[in-house]
Structures are given as structure tokens and as C-alpha cells.
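Here the structure comes first, spelled out in C-alpha cells, and everything after it is commentary.
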Amino acid sequence: MSQFSWIDDPVSPELGAIAHGPLLLSDSNGYRVGIRYLIAYRNVMDMTLAVSATGSKSAELARQFRATYGTGRLSAAKPEDGFSTWVVSPELNIHTERSSQNPHTMEGHYVREFSYVINGRPTGTFLEIEYRWPAIGLDRTRVVLEIPPAHALDEAIVPI
């Protein structure tokens, strides 16, 4: 049985090492995308991206989700046009773990978080990701994140 719900294979108990974040990745068409964190474990990485908008764009972003009645959860109104993220490295794959069920809202501001699990870790010190959200006009964007070398990440992982 897995220690973490998002890891398929059993792992030793550990606290991951911070590989990157926080960082603003893009500011385009009234939408900002940032990486909240990238945490490295021995076999996987955990990443959270946040998308935010202010003013009229915040209402447009909020409209991308609808309530799923009976569950109290929100889901994308059109999943095929929703926020999508992928890892460029062919040897790594990424899985959406969840998006925030209770998005952060303030008057005139909307923030939605998306959590991902990346199976494996890059062999070098760079992780390339791409994301897009066609329904709101967020174009395909490629970002190269510089991360610590594998040995430094492994040394920073804390067994528990």
C-alpha cells in the first residue's frame, strides 16, 4: 500500500526536497500562471501551479467551472478546453492529482490551483513543462525550470 495517495508504488517514508518555486511563469492576456512549488521525492515529483486573474478576467476564469451537484465539488465546464499541463521530457509523464475545490477568491481576484504528480525525475538539472488554457485564450507556453542536481535533492530528502 502506498504511503501517499498519489504514488502508485510503495515508497519509504520521506519528506520531499524543494526543487523549485515559487515563481511567476507567465503574465498574459490578463492571466497569471505561477508555480507554487515543485517537491522532489526519490521516485516522483509533486507540483502545484496557480492560475489567477483580476477584474473582468476573474469572472471569466470563474465561469470555466461549474458545480457538480450532490458532491459539492467543482469541475471544468468543458474539460477539453480546460487548463492542461505536460512535461516535455518523453521519459517522464505527468498526472493531474486535483484542482482546488475551494478556489481562492477576493473581490475582483480569482485564483485556481492545479496539483500534479510527475512520475520519475529528470536526469539533468532542467525540467521543461508546457501549459495552455484555450478556453480563456491562454496560449501554449513552454517553461524551463532549473532544479538542483539529483544528488543534492536526494541529500535534502528527509526520512521520517
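The values are calculated or read from the model by the stated rules, or taken from the named source; none is laboratory data. Since we're looking at a predicted model, the values are computed, not measured. So basically every Cβ, Gly included, is an ideal-geometry build from the backbone, and we count neighbours across all protein chains shown. Just so you know, the surface numbers come from the protein's heavy atoms only, side chains and all, with ligands and any DNA or RNA stripped out. Shrake-Rupley method; radii C 1.70, N 1.55, O 1.52, S 1.80 Å.
Below are the figures for this structure:
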item	result
Top-ranked residue in segment 76-104 [being out of contact with any Leu (no Cβ under 9 Å at 6 or more places or on another chain), under 14 Å from residue 116 (Cβ atoms) and open to solvent by less than 50 Å² (accessible area, probe 1.4 Å); ranked as modelled with the highest pLDDT]	84
Unique residue being modelled with pLDDT of 65 or more and among the aromatic types (Phe, Trp, Tyr) when the list is 69, 41	41
Boolean, residue 19 is modelled with pLDDT of 95 or more, crowded, with 20+ Cβ neighbours inside 10 Å and in a strand (DSSP E or B)	yes
Output for segment 26-54, where each listed residue is farther than 16 Å from residue 142 by Cβ and either open to solvent by 40 Å² or more (accessible area, probe 1.4 Å) or not in a strand (DSSP E or B) (or both)	29, 30, 32, 36, 37, 41, 42, 43, 54
Inter-residue pairs, beta-carbon under 7 Å, first at positive phi and in segment 116-145, second surrounded by fewer than 17 Cβ atoms within 10 Å (Cβ to Cβ) and at pLDDT below 90, 6+ apart	120/43; 120/91; 137/29
